[in-house]
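Presented below is the structure to which this report refers.
The values are calculated or read from the model by the stated rules, or taken from the named source; none is laboratory data. All values derive from a computational prediction rather than experimental measurement. Cβ sites come from the backbone with ideal geometry, for glycine too, and all protein chains shown count toward neighbours. The accessibility values were calculated without ligands, DNA or RNA, using every heavy atom of the protein model including side chains. Shrake-Rupley method; radii C 1.70, N 1.55, O 1.52, S 1.80 Å.
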Amino acid sequence: MQTLVKRRDDAPEGFFEAEAAGLGWLAAAGGARTVEVVAVSPGRIELERVEQAAPNRGAAVAFGAALARTHAAGAAAFGAPPDGWTGPLFIGRRRLPAAEEPTWGAFYARDRVLPYLQIAEEVGNTTAAEGRLVRLAAEAIAAGAFDDDEPPARVHGDLWNGNVLWSADRVVLIDPAAHGGHRETDLAMLALFGCPFLGDVLAAYDRAAPLRPGWRERVPLHQLHPLAVHAAGHGRGYGVALAEAAEAVLELA
């Protein structure tokens, strides 16, 4: 097997170990393929090298159905870390709060939106007026406006196009921020940054595990998290997009 090694001399404690735990947990679901971990140690992770190929519809359809199986494997609670992992969680290089919440809205507002909004305001990527909009949306979410009867899903947590590798016959996922979340959040993140054959992925997913009515209208709700993370460190444009998503959420609430 050909491998590649990622190193970070300044990696915080548990950084690559959390990545390995997330990859293993997702793989154990028997759904979407994840890159294989060969070895992990402080500041270093060795992974299977994926031979990439052009995206194709067949792989997209298979990925949609497989992702539904991954999500269906579930998690202990909303915000729960991978089974057996007691260390920190990360999304990119930022810490990702863990939780043991029975309801999605309380967890999502408190641990997936507001911490990153605060950073975005501090660095000037979100204005005070935009921050107020996001907080109003977060209040509605935390109060249960969008809670449903779906159990915690086993989500990748950082499912943007850069973490979706296309090989000759399948999709392989890398760099998770795996935790117990809402399955629509993974799908909304795929849509946010673009994904080849996205329509085919979503259609196959919906056939395998039908989505609740109104899921398309709820996309801005589930994009609040990735937009807040990006507003915290990737520029003013994400602060604007975050506020626009919050406005859409308030219209739905």
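So if I check each of Gly194, Gly162, Gly233, Gly214, which one is small (Gly, Ala, Ser), in a helix (DSSP H, G or I) and surrounded by fewer than 17 Cβ atoms within 10 Å (Cβ to Cβ)?
Gly162
Would the stretch 139-152 turn up any residue that is open to solvent by less than 30 Å² (accessible area, probe 1.4 Å), on the phi < 0 side of the Ramachandran plot and outside any loop (DSSP other than H, G, I, E, B)?
Taking every residue of the stretch 139-152 in turn, at least one turns out to be open to solvent by less than 30 Å² (accessible area, probe 1.4 Å), on the phi < 0 side of the Ramachandran plot and outside any loop (DSSP other than H, G, I, E, B).
Only residues that are of a type outside the set (Asp, Glu) and either farther than 25 Å from Gly144 by Cβ or open to solvent by 10 Å² or more (accessible area, probe 1.4 Å) (or both): list them for the stretch 105-119, please.
Hits for the stretch 105-119 are Ala106, Arg110, Leu114, Pro115, Gln118, Ile119.
Here is a yes/no grid of residues against (1) within 13 Å of His179 (Cα to Cα); (2) of a type outside the set (A, V, I, L, M); (3) touching a residue at least 12 places away in the same chain (Cβ under 8 Å); (4) open to solvent by 10 Å² or more (accessible area, probe 1.4 Å):
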| residue | (1), (2), (3), (4) |
| --- | --- |
| Ala62 | no, no, yes, yes |
| Thr70 | yes, yes, yes, no |
| Gly79 | yes, yes, yes, no |
| Gly84 | yes, yes, yes, yes |
| Arg94 | no, yes, yes, yes |
| Ala98 | yes, no, yes, yes |
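For Thr126, all conditions in the list (1) under 30 Å from Glu17 (Cβ atoms); (2) surrounded by 15 or more Cβ atoms within 10 Å (Cβ to Cβ); (3) of a type in the set (S, T, N, Q); (4) over 17 Å from the mean Cα position of the chain (by Cα) hold save one; what is the number of the exception?
Thr126 satisfies every listed condition except (1).
Here is a yes/no grid of residues against (1) free of Cβ contacts under 8 Å to residues at least 24 places away in the same chain; (2) out of contact with any Leu (no Cβ under 9 Å at 6 or more places or on another chain); (3) within 16 Å of Thr70 (Cβ to Cβ):
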residue	(1), (2), (3)
Thr185	no, no, yes
Gly194	no, yes, no
Tyr205	no, no, yes
Arg218	no, no, no
Tyr238	no, no, no
Glu251	yes, yes, no
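Restricting to the stretch 27-60, give me the number of residues that are β-branched (Val, Ile, Thr), open to solvent by 40 Å² or more (accessible area, probe 1.4 Å) and within 20 Å of the chain's Cα centre (by Cα).
Looking only at that region, the number is 1.
Confirm whether Gly74 is modelled with pLDDT of 95 or more, small (Gly, Ala, Ser) and surrounded by 24 or more Cβ atoms within 10 Å (Cβ to Cβ).
The answer is no for Gly74.
Residues that are out of contact with any strand residue (DSSP E or B) (no Cβ under 9 Å at 6 or more places or on another chain), more than 21 Å from Pro81 (Cα to Cα) and modelled with pLDDT of 95 or more: does the stretch 166-174 have at least one?
No, that holds for no residue.
Under the condition of being closer than 18 Å to Thr34 by Cβ and open to solvent by 40 Å² or more (accessible area, probe 1.4 Å), which residue from the stretch 165-191 is nearest to the chain's Cα centre (by Cα)?
Among residues in the stretch 165-191 that are closer than 18 Å to Thr34 by Cβ and open to solvent by 40 Å² or more (accessible area, probe 1.4 Å), the one nearest to the chain's Cα centre (by Cα) is Asp175.
When both residues are 6+ apart or on different chains and their Cβ atoms are under 8 Å apart, which pairs have a first residue that lies in the stretch 14-41 and is of a type in the set (Phe, Trp, Tyr), and a second that is crowded, with 21+ Cβ neighbours inside 10 Å?
Matching pairs, first to second residue: Phe15/Phe90; Phe16/Ile45; Trp25/Pro82; Trp25/Arg154; Trp25/Ala178.
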